[in-house]
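Student: Got a structure for you, written out below as structure tokens; questions coming shortly.
The values are calculated or read from the model by the stated rules, or taken from the named source; none is laboratory data. Fair warning: this is a prediction, and the values are worked out from it, not measured in the lab. All Cβ positions, even for glycine, are placed from backbone atoms using ideal geometry, and neighbour counts span all protein chains on display.
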Amino acid sequence: MPYGYFQLVRFLALAGFSFLAYKANDEDKSEQVFIYIALALLFQPFYKIALGRELWNIVDVVVGVGLLISIFIKNKKIK
């Protein structure tokens, strides 16, 4: 993939995690605010954090699975 694609993904991740941190703050969930801010800083596009390709792949999978789990947990609480 071209480098611009990864930059776009990083901007979208920064915006998304910042929004999630804001929403978690409104709901007084301080542990989630901390997690979302940490993820926003990890994926931000302004300063590249060099973790290596293999470690980034692991981080991406863990974050993706964590987000999916949080969606299912939230949906169960709503019903």
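Student: Cβ contacts < 8 Å: first residue in a helix (DSSP H, G or I), restricted to the range 31-56; second residue among the charged types (D, E, K, R), any location; separation 6+ or different chain. Result?
Tutor: PHE43/ARG10
Student: Something else about it: Is it the case that the range 58-73 has a residue that's more than 16 Å from PHE6 (Cβ to Cβ) and acidic (Asp, Glu)?
Tutor: no
Student: Kindly provide the set of residues from the range 22-45 that are under 24 Å from TYR5 (Cα atoms) and modelled with pLDDT of 85 or more, ordered by number.
Tutor: Within the range 22-45, TYR36, ILE37, ALA38, LEU39, ALA40, LEU41, LEU42, PHE43, GLN44 qualify.
Student: Here are PHE11, PHE19: which of them is in a helix (DSSP H, G or I) and surrounded by 13 or more Cβ atoms within 10 Å (Cβ to Cβ)?
Tutor: Only one candidate qualifies: PHE11.
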